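To start, the structure under review is shown below, and the notes come after it.
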Amino acid sequence: MRAPVVLLYSRPWEMTDEVTKAVRSGVSVQYIMADTLEPAISDTDKGYAVTKESITVECAETIHEVPGIYDGEFEMKAQGGKNVLHLCGLTFISVLQSAQPPAKK
């Protein structure tokens, strides 16, 4: 599945497993499922829910600008007995433009 995302944050991480001594690494990201930061209001919800997850270093190699708009590729993975969408690819689209405040009257 593909969907536009606004990537808000990325940070590489690395840790050594205390038991196996294997070195693990990845990139923590935070994003919203949208392609703008226009006000999002429904009957009950206001704004956007931020999704946090860790992606592979290889997936993160395509991160150029943060915040930015990306075409996100998602795959289903089993997690806690449920199928959950996880980000597995990013293609840069554009820099996120600042929202302009409304003109004063």
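A compact table of results
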read-out: Close pairs (7 angstrom Cβ cut-off, 6 or more residues apart or separate chains): closer than 16 Å to T62 by Cα and in contact (Cβ under 8 Å) with a residue 40 or more places away in the chain in region 82-94, assigned to a strand (DSSP E or B) and among the small types (G, A, S) anywhere; value: L87/G72; L90/G72
read-out: Whichever residue in region 35-57 is among the acidic types (D, E) and closer than 19 Å to M1 by Cα and, among such residues, is farthest from the chain's Cα centre (by Cα); value: D35
read-out: Selection status of P12, surrounded by 10 or more Cβ atoms within 10 Å (Cβ to Cβ), more than 10 Å from the chain's Cα centre (by Cα) and not basic (K, R); value: yes
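Only the coordinates and a few stated rules stand behind these numbers; no lab work does. For clarity, every value in this text was computed on a predicted model and none was experimentally measured. Heads up, the Cβs are rebuilt from the backbone with ideal geometry, glycines too, and the neighbour counts pull from every protein chain shown.
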